[in-house]
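**Q** What follows is a single structure, and I will ask about it in a moment.
The values are calculated or read from the model by the stated rules, or taken from the named source; none is laboratory data. Note that the structure is predicted; figures quoted are calculated from it, not measured. Heads up, the Cβs are rebuilt from the backbone with ideal geometry, glycines too, and the neighbour counts pull from every protein chain shown. Heads up: the accessible areas ignore ligands, DNA and RNA and are worked out on the full protein's heavy atoms, side chains in. Shrake-Rupley method; radii C 1.70, N 1.55, O 1.52, S 1.80 Å.
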Amino acid sequence: MRIKELLNSTPDDQEITIQGWIRTKRDSKNVVFCAISDGSCMENLQAVLDKEKINLGDTLSQLNTGAGVEVTGKLATSPGKNQQVELSVSKISIIGDAPGETYPLQKKRHSFEFLREIAHLRPRTNTFGAVARVRNTMSVAIHKFFQDRGFLYVHTPIITAVDAEGAGEMFQVTTLPIEEMIKNGDKIDYGDDFFGKRTYLAVTGQLEAEVYAMALRDVYTFGPTFRAENSNTTRHLAEFWMIEPEMAFCDINCNMDTAEAFLKYIIRYVLDNCAEDMEFFNSWIQKGVIENLEKVINSDFERITYTEAVDHILNAKVDFEFPVKWGSDLQSEHEKYLSEKVFDSPVIVTDYPRDIKAFYMKQNDDGRTVRAMDVLVPRLGEIIGGSERESDLTKLEHRMEEVGLNTEAYWWYLDLRRFGSVPHSGFGLGFARFLQYITGMQNIRDVIPFPRNVKMVDF
Ligand code: 4AD
Ligand code: MG
């Protein structure tokens, strides 16, 4: 039986067996109390071992934090004030010993920095268990949101030959024996590489999602993406999961409506289905996070243009690290200022200058902005980036040439504009950033099980 189930059961005379790991042990004269966790929920099950009833013998010295155990007993009403029920133990076996002197996770609170160095053990802490459960629930909610609305889940490739964001921040994929070739002074010819051309890990699944949207109408991806950005921040990973819906016959307003409904739905779902874990984040990680999330669900997201956003920033009585003028990209300090100070709610900023956005975005008639939309939230800044797509072949080709992309490599993408091109839109939500937002966790490296970053690839 799982501990989560037991904690919600009423005591009866049935003997039951559980398996889990000891979190803490308290040894008093006649009784030993062990808090057992099996990861099914935040709360531990208290196992009460009566030294007179069971002969613990050598086992007593092995009842250490971290030890794997199998425990049999009867569920009883607990006289303690911290729990409703406890397990009155008739038999306990150590399945996996964890010597107290060497086990790195002790009863005290460890810093997140330290825990990152033992990422293989950190799921055994309260915080990382809670993050893992919320992460799981969010994944379910994401599929549920789209499936309930008739979206198809499409799997886009991880290996690609095109730079879909045109930003050049890609990890190369190769099977060429580079070291040997350098030693021999050979010239690198990617024609000899595995795929016969230069290939990379995908930064997005968007272009392929567009292919499917042009046939199946509403689709979404949910998979890993990779960025070789040299950004050592609390909001950037080199490998992260992204959710990318793509919708045919949908303009930027329909895109914004979907993004707003989507974020609210996921938040509601997590609050309803992870109440215990969210209480933990609310008490220990970020005070007030639940109330803030409730507020987001009940608010209407502000919608402003980039030009209006820049005006707000220029009029701010704040010393920013980076200056802003029309045409420059918004930094996270500006994004946070808008969502925290100006609006105190999520903000959707639209119509960015075309020179700071990707080539595929629909060009506005003013000749200098595109139909982009970024969703900015307090504490984090951008969590969603999206746009209406350019559906006009000539304009798209022209823009690609302007930014120096080889249009021949994108022939299949351009075909979508040659045959049955219709207005369409989509966006990308960074899964880890959203999880950070929901849990209140400070560092993005602590919401993904195995963070990949500059000089960080252990585990
Ligand atoms: O704004 P981005 O680059 O947009 C795209 O990739 C589009 N193809 C999406 C689309 O329209 N289908 O990335 C989308 C989101 C960002 O808003 C951010 O939340 C997240 O992905 N993101 C990252 N998250 C963690 N680490 C990084 N290095 C990230 N880069 C982007
Ligand atoms: Mg972006």
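**Q** For I384, are the conditions met, namely being touching a residue at least 60 places away in the same chain (Cβ under 8 Å) and closer than 22 Å to Y306 by Cα?
**A** yes
**Q** Under 9 Å between Cβ atoms, which residue pairs at least 6 apart in sequence (or on different chains) link something in region 425-450 that is in a helix (DSSP H, G or I) and within 16 Å of ligand 2 (Cβ to nearest atom) with a partner that is open to solvent by less than 10 Å² (accessible area, probe 1.4 Å) and of a type in the set (S, T, N, Q)?
**A** Cβ pairs passing all conditions: I444/Q436.
**Q** Which residues, counting only those in region 397-449, are small (G, A, S) and within 14 Å of ligand 1 (Cβ to nearest atom)?
**A** Within region 397-449, S425, G426, G428, G430, A432 meet the criteria.
**Q** Also: Of all residues in region 200-237 being among the β-branched types (V, I, T) and within 10 Å of ligand 1 (Cβ to nearest atom), which is surrounded by the fewest Cβ atoms within 10 Å (Cβ to Cβ)? Walk me through it before giving the result.
**A** So in region 200-237, the residues among the β-branched types (V, I, T) come out as 203-204, 211, 219, 221, 225, 233-234.
Those still in the list that are within 10 Å of ligand 1 (Cβ to nearest atom) too: 203-204, 221, 225, 233.
Numbers: V203: 24, T204: 23, T221: 24, T225: 25, T233: 11.
Taking the candidates together, the pick is T233.
**Q** Is it true that A167 is of a type in the set (A, V, I, L, M), within 16 Å of ligand 2 (Cβ to nearest atom) and open to solvent by 50 Å² or more (accessible area, probe 1.4 Å)?
**A** yes
**Q** Could I ask something else about it? Every residue in region 238-256 that is open to solvent by 10 Å² or more (accessible area, probe 1.4 Å) and among the β-branched types (V, I, T), please.
**A** Residue satisfying the conditions is I252 alone.
**Q** Take the conditions surrounded by fewer than 19 Cβ atoms within 10 Å (Cβ to Cβ), out of contact with any strand residue (DSSP E or B) (no Cβ under 6 Å at 6 or more places or on another chain) and under 30 Å from L63 (Cα atoms) and apply them to H143. Does it pass?
**A** no
**Q** Of the residues in region 9-41, how many are in a loop (DSSP other than H, G, I, E, B) and either loosely packed, with under 13 Cβ neighbours inside 10 Å or on the phi < 0 side of the Ramachandran plot (or both)? Please lay out each step first, then the result.
**A** So the first thing to find is which residues in region 9-41 are in a loop (DSSP other than H, G, I, E, B), and the list is 9-14, 28-30, 38-41.
Checking the rest, the ones that are also either loosely packed, with under 13 Cβ neighbours inside 10 Å or on the phi < 0 side of the Ramachandran plot (or both) come to 9-14, 28-30, 38, 40-41.
Residues meeting the conditions: 12.
**Q** Does region 370-379 hold any residues that are open to solvent by less than 10 Å² (accessible area, probe 1.4 Å) and out of contact with any Ser or Thr (no Cβ under 6 Å at 6 or more places or on another chain), and which are they?
**A** Of everything in region 370-379, those that are open to solvent by less than 10 Å² (accessible area, probe 1.4 Å) and out of contact with any Ser or Thr (no Cβ under 6 Å at 6 or more places or on another chain) turn out to be V370, D374, V375.
**Q** For region 341-355, give me the residue count where each residue is outside any loop (DSSP other than H, G, I, E, B), in contact with a Phe, Trp or Tyr (Cβ under 9 Å, 6 or more places away or on another chain) and free of Cβ contacts under 8 Å to residues at least 60 places away in the same chain.
**A** Here is the first cut: in region 341-355, the residues outside any loop (DSSP other than H, G, I, E, B) are 341-342, 347-355.
This time we only want the ones that are in contact with a Phe, Trp or Tyr (Cβ under 9 Å, 6 or more places away or on another chain), so: 347-353.
After this cut, where a residue has to be free of Cβ contacts under 8 Å to residues at least 60 places away in the same chain as well, the list is 347, 349, 351-353.
Here the count works out to 5.
**Q** For region 228-241, check the following and say yes or no: at least one residue is basic (K, R) and either within 16 Å of ligand 2 (Cβ to nearest atom) or touching a residue at least 12 places away in the same chain (Cβ under 8 Å) (or both).
**A** So far as region 228-241 goes, yes, one or more of its residues are basic (K, R) and either within 16 Å of ligand 2 (Cβ to nearest atom) or touching a residue at least 12 places away in the same chain (Cβ under 8 Å) (or both).
**Q** Got at least one residue in region 253-267 being near ligand 1 (Cβ under 9 Å from one of its atoms) and more than 16 Å from F146 (Cβ to Cβ)?
**A** For region 253-267, residues near ligand 1 (Cβ under 9 Å from one of its atoms) and more than 16 Å from F146 (Cβ to Cβ): absent.
**Q** Tally up the residues in region 375-402 that are away from ligand 2 (no atom under 16 Å from the Cβ) and either at pLDDT below 95 or within 33 Å of the chain's Cα centre (by Cα) (or both), please.
**A** Initially, region 375-402 is screened for residues away from ligand 2 (no atom under 16 Å from the Cβ), giving 378-379, 390-402.
Remaining after also requiring either at pLDDT below 95 or within 33 Å of the chain's Cα centre (by Cα) (or both): 378-379, 390-391, 396, 399-400.
Residues meeting the conditions: 7.
**Q** Let me ask another. For region 276-336, give me every one of the helices (runs of 4 or more DSSP H) that falls completely inside it and has 2 or more residues that are open to solvent by 70 Å² or more (accessible area, probe 1.4 Å).
**A** By residue number, 289-297, 306-314.
**Q** May I pose another question? Which one of K287, K197 is out of contact with any strand residue (DSSP E or B) (no Cβ under 6 Å at 6 or more places or on another chain) and in contact (Cβ under 8 Å) with a residue 24 or more places away in the chain?
**A** K197
**Q** How many residues are in contact (Cβ under 8 Å) with a residue 40 or more places away in the chain and open to solvent by 40 Å² or more (accessible area, probe 1.4 Å) when one looks only at region 411-420?
**A** Adding up the residues that qualify gives 2.
**Q** State which residue pairs qualify: first residue closer than 25 Å to K108 by Cβ and inside region 127-149, second residue assigned to a helix (DSSP H, G or I) and of a type in the set (F, W, Y) in any location, beta carbons under 9 Å apart, and separation of 6 or more residues or different chains.
**A** T127/F112; T127/F280; T127/F281; T127/W284; A130/F280; A130/F281; V131/F281; V134/F281
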